[in-house]
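Everything below concerns the one structure shown next.
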Amino acid sequence: MDYFIIAAVSLSGLYFHWWLYRRIRRWTDRDLALSMAGGDAGKRDYMLACLQQAQQQKVPRKALEAWLQDAAERYDREPR
C-alpha cells in the first residue's frame with residue numbers, strides 16, 4: 001500500500017508539473033503575440049490568429065518570435 005501511495009503522489013506531481021509547464025508556455029506565446037500588437041485592437045486579433053496558425057503549422061518554438069515578427073510586419077504593410 002505504501003508503494004501505491006508513493007506512486008500515486010509521484011505521478012500526480014509529475015502530471016501537475018507537465019500541465020503547469022504547458023500552461024505557462026501558452027501564456028508566454030500569447031503574451032509574445034500581444035506584445036507585438038501594441039494597443040491596436042485589430043492588430044491584436046490578427047496576431048492571435050497568426051499565433052493559432054503558427055501552432056497549427058507546428059512552427060518550432062525557437063522560430064516562433066521571428067515568425068510572429070514577420071506576421072506583424074505584413075500587417076503593417078497591408079493597406080486598411
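Hey, could you check segment 28-43 for residues that are free of Cβ contacts under 8 Å to residues at least 12 places away in the same chain and either closer than 16 Å to LYS62 by Cα or touching a Leu at 6+ places or on another chain (Cβ under 9 Å) (or both) and say which is surrounded by the most Cβ atoms within 10 Å (Cβ to Cβ)?
THR28
Output the residues belonging to segment 46-66 that are under 13 Å from the mean Cα position of the chain (by Cα) and closer than 16 Å to LEU34 by Cβ.
Residues satisfying the conditions are MET47, LEU48, ALA49, CYS50, LEU51, GLN52, GLN53, ALA54, GLN55, LEU64, GLU65.
Would it be correct to say that TYR46 is surrounded by 12 or more Cβ atoms within 10 Å (Cβ to Cβ) and aromatic (Phe, Trp, Tyr)?
On the way: surrounded by 12 or more Cβ atoms within 10 Å (Cβ to Cβ): yes; aromatic (Phe, Trp, Tyr): yes.
For TYR46, the condition - surrounded by 12 or more Cβ atoms within 10 Å (Cβ to Cβ) and aromatic (Phe, Trp, Tyr) - is met.
No lab work stands behind these numbers, since they all come straight from the coordinates. Source: prediction; values computed, not measured. Glycine gets a Cβ as well: all are built from the backbone with ideal geometry, and neighbour counts include every protein chain shown.
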